[in-house]
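Have a look at the structure below before the remarks.
Computed from the coordinates by the stated procedures, all read-outs in this text should not be read as laboratory data. All figures in this text were calculated on a predicted structure; none of them were measured in a lab. Here the Cβ positions follow ideal geometry from the backbone for every residue, glycine too, while neighbour counts run over all protein chains shown.
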Amino acid sequence: MKMNRIDHLCVAVRDLEEAKKTWEPLLGKDGPDDAYVDENEKIRVARYYIGEVGFELMESTSPDGDVAKFIEKRGEGVMLLSFNVDNTREAMEELEDKGYPFIGGARPFRDCEFAFIHPKKLNGVLTELIDD
């Protein structure tokens, strides 16, 4: 399996609009490069590109969403690190053979798939593989 690059980094926030006001001046941006809602994942996202790497601010759209649970347990902050791979399912298979546990299976997103490696295996860091 080949890691192509860091794809994106996600910061869990309580209030996306307030977080945008804080982060955009630092990032030198007047707005997100990509803004979207992912109903399946229960998140509202503002994505900014810094070179080829995405920087995401994520707000939960539901009190039972994973971002809301993360904030309740740990507070706002870095929630996940995502690596770009050629093929998510092939990478999962290879890593599962090496003892890496995944949270669920591959999930769809736009024209690609992603999957989460359980943070217990990676020093408490929720890690995503994505093949966009």
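Would you please name the residue that is farthest from TYR49 (Cα to Cα), looking only at residues in region 1-26 that are crowded, with 16+ Cβ neighbours inside 10 Å and more than 16 Å from the chain's Cα centre (by Cα)? Across region 1-26, the extreme among qualifying residues is ALA19.
Residues in region 98-121 that are under 16 Å from MET79 (Cβ atoms), assigned to a loop (DSSP other than H, G, I, E, B) and in contact with a Phe, Trp or Tyr (Cβ under 7 Å, 6 or more places away or on another chain): HIS118 alone. Restrict the check to region 1-15 and report whether at least one residue is of a type outside the set (Ser, Thr, Tyr), touching a residue at least 24 places away in the same chain (Cβ under 8 Å) and in a helix (DSSP H, G or I). No: region 1-15 contains no residue that is of a type outside the set (Ser, Thr, Tyr), touching a residue at least 24 places away in the same chain (Cβ under 8 Å) and in a helix (DSSP H, G or I).
Tell me which residues, restricted to region 27-41, are within 17 Å of GLY54 (Cα to Cα) and either charged (D, E, K, R) or in contact with a Gly (Cβ under 8 Å, 6 or more places away or on another chain) (or both).
Going residue by residue through region 27-41, those that are within 17 Å of GLY54 (Cα to Cα) are 27-38.
Those that are within 17 Å of GLY54 (Cα to Cα) and either charged (D, E, K, R) or in contact with a Gly (Cβ under 8 Å, 6 or more places away or on another chain) (or both): LYS29, ASP30, ASP33, ASP34, ASP38.
Just give me the residues in region 96-116 being loosely packed, with under 15 Cβ neighbours inside 10 Å and in contact with a Gly (Cβ under 9 Å, 6 or more places away or on another chain), in sequence order. Within region 96-116, no residue meets the criteria.
Listed conditions (1) farther than 21 Å from PHE109 by Cβ; (2) surrounded by 14 or more Cβ atoms within 10 Å (Cβ to Cβ); (3) of a type outside the set (A, V, I, L, M) are all met by GLY77, apart from (2).
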